[in-house]
Amino acid sequence: MAIQGPIPIGFEQVFPHGCYIVGQVEQVKDFDASTNGRTVYAKDKTTGELVWQVPVMDGDPTVKASQKTVAVKILSATEPTAPPAAAGLPITPVEFVGMTVTPYVGQTGRLAYSIRATGMRPPRTKQTSISKEAAA
């Protein structure tokens, strides 16, 4: 099979209506390697980068409430910095770069996806994207 490992995917394909940070960036613990009193943090098996995660809410109005919040894992040597909060909003809009998805069979026997990225930034507006493309 030609596809092995994480599958590269664009932000717009995963979150066509955008997404919003609804929690803190946290370093992921490696529960298998950790022992009583000694915490070991997870590293990506392919890149060796530390793994961080941030909970986000999908902006798609058709997604069921129980499926609105997902964790995006970020591979980075240092703690990723969330974009600045937008004035007047209780949640922070975000866009992820270097995204991949890895399908797996979840505990319920259903297909699920692990979403990873290499970084995050403030979302680009469609106007900003169009202007940059026109200038190129």
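Points to keep in mind about this one:
- log₁₀ of I(q)/I(0) at q = 0.11, 0.15, 0.17 Å⁻¹ - the chain, Debye sum with one point per alpha carbon: -0.47, -0.85, -1.06
- Options G18, T46, V97, ranked by Cα towards positive dipole end of the chain, top entry (Cβ charges): G18
- Taking the number of Cβ atoms within 10 Å of each Cβ as an exposure proxy, the fewest-first ranking of I3, I9, I115, I74 is I3, I9, I115, I74.
- The Cα center of the range 1-58 and the Cα center of the range 62-94 differ in position by 12 Å.
- Residue order, fewest to most surrounding Cβ atoms within 10 angstrom, among D32, D58: D32, D58
- Cα centre as origin, Lys/Arg/Asp/Glu Cβ charges: the chain dipole, Debye: 100
- Label sites at V22 and I3, each approximated as a point 7 angstrom past Cα along Cα to Cβ, lie 2.7 nm apart.
- Each Lys or Arg adds one and each Asp or Glu subtracts one; over the other residues with Cβ under 9 Å from the Cβ of T39, this totals +1.
- Spacing of the two label points (7 Å from each Cα toward its C-beta) at A85 and A112, in nm: 3.0
- Contour excess over end-to-end distance, with Cα ends at Y41 and Q13 and 0.36 nm allotted per residue: 7.1 nm
No lab work stands behind these numbers, since they all come straight from the coordinates. Owing to the predicted nature of the structure, the values given are computational and were not obtained by experimental measurement. A quick note on method: Cβ atoms are made from the backbone with ideal geometry, for glycine too, and the neighbour counts reach across all protein chains shown.
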